[in-house]
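What follows is a single structure, written as structure tokens, with notes after it.
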Amino acid sequence: MKLFNDGSLDLAGEQLTLHCGACSSMFLICTCHDHGQGVNFVFRGLPKSVPGSTPRQLLNRWMSLTRHLKILERFNAQQYLSDAGDTLTQTLHRSGHKLISMAEDLCKQDDMNLVLIKLVQSYQLPMSQNATDAVRKEIMAAARAFVSGDWACVTWLGSISLNNAFQVSDPEKYSLADKDLGVIFDGITVLLSTHEVQFRSPYKFLCMEPERSESDITRQFWATHTVPDGEAKLKV
């Protein structure tokens, strides 16, 4: 297992880093196949990203993890970044603040976040006592991770929220003709599509790298519903 200067990881033949989100067992010994083999798996114990990593380096890291998951083999992340990576990283640098602003606007709309709030409450996470604030923090954590290129740390719930932020945004404030916003939305669509394959409900709280994620929700979900002895607390 090696971290390269471009941010990518060499995970060839490496299965010990893959852990089940339901029971925490490693891929080779996990027997949780209710949703299909390889579904709801996350990465643990990977080399840490280098402080000050560029968006492209972090996107390359995400690409490496995506390539390692057989369940995502139909999605060619390397080709995606080869085709769109330069434009995407330039756009995130130039206009990422627009997504941050859009996420902040979504946080103010309690009615739009009601479904997410009820979802957090339903799993009785420690933060469920103040689920509204928890959802707001999750939305902003997702926006910051996405803009920084650290897509491996965006939860499925986070990518859903960023998509929602676009759907309910003020067209007078965020023009449909803004090409940069179009590029960002396309990126969110790509990330969301991988999450929809990688995870199944109720594992909306997970992301590829929960240990590195800024998301409090993903860490609390893991601690509350995933146990180290291989027995899942959460019955689906």
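Which condition number does residue 84 fail, the rest of (1) at pLDDT 95 or above; (2) under 18 Å from the mean Cα position of the chain (by Cα) being met?
(2)
Just wondering, is there one or more residues in the stretch 32-42 that are of a type in the set (S, T, N, Q) and surrounded by fewer than 16 Cβ atoms within 10 Å (Cβ to Cβ)? Don't jump to the end; show me each part of the working.
Here is the first cut: in the stretch 32-42, the ones of a type in the set (S, T, N, Q) are 37, 40.
So of that shortlist, the ones also surrounded by fewer than 16 Cβ atoms within 10 Å (Cβ to Cβ) come out as 37.
Taking every residue of the stretch 32-42 in turn, at least one turns out to be of a type in the set (S, T, N, Q) and surrounded by fewer than 16 Cβ atoms within 10 Å (Cβ to Cβ).
For residue 213, which of the numbered conditions (1) assigned to a helix (DSSP H, G or I); (2) buried (at least 20 other Cβ atoms within 10 Å of the Cβ) fails to hold?
(1)
Take the conditions in a helix (DSSP H, G or I), in contact with a helix residue (DSSP H, G or I) (Cβ under 7 Å, 6 or more places away or on another chain) and within 25 Å of residue 45 (Cβ to Cβ) and apply them to residue 165. Does it pass? Spell out how you get there, then give the answer.
Working: in a helix (DSSP H, G or I): yes; in contact with a helix residue (DSSP H, G or I) (Cβ under 7 Å, 6 or more places away or on another chain): yes; within 25 Å of residue 45 (Cβ to Cβ): no.
Criteria not met by residue 165.
Might you let me know whether the stretch 25-32 holds any residue that is at pLDDT 85 or above and under 17 Å from the mean Cα position of the chain (by Cα)?
no
Scan the stretch 40-78 for residues that are assigned to a helix (DSSP H, G or I), more than 16 Å from the chain's Cα centre (by Cα) and under 29 Å from residue 95 (Cβ atoms) and jot them down.
56, 57, 78
Please state which of the following conditions residue 89 fails to meet, knowing it meets all the rest: (1) more than 23 Å from residue 225 (Cα to Cα); (2) of a type in the set (Val, Ile, Thr); (3) at pLDDT below 95.
(3) is the only condition that residue 89 fails.
Conditions: (1) among the polar types (S, T, N, Q); (2) out of contact with any His (no Cβ under 8 Å at 6 or more places or on another chain); (3) modelled with pLDDT of 95 or more. Residue 129 meets all but one. Number of the miss?
Answer for residue 129: the failing condition is (3).
Any residue at all in the stretch 112-125 that's touching a Phe, Trp or Tyr at 6+ places or on another chain (Cβ under 8 Å), of a type in the set (Phe, Trp, Tyr), assigned to a loop (DSSP other than H, G, I, E, B) and closer than 24 Å to residue 218 by Cα?
Step one: of the stretch 112-125, the residues touching a Phe, Trp or Tyr at 6+ places or on another chain (Cβ under 8 Å) are 123, 125.
The next check asks that each one be of a type in the set (Phe, Trp, Tyr); those that pass are 123.
Imposing the further condition that a residue be assigned to a loop (DSSP other than H, G, I, E, B) reduces the set to 123.
Then keep just the ones that are closer than 24 Å to residue 218 by Cα; that gives 123.
The answer is yes; a qualifying residue exists.
The values are calculated or read from the model by the stated rules, or taken from the named source; none is laboratory data. For clarity, every value in this text was computed on a predicted model and none was experimentally measured. Cβ: placed from backbone, ideal geometry, glycine included. Neighbour counts: every protein chain shown.
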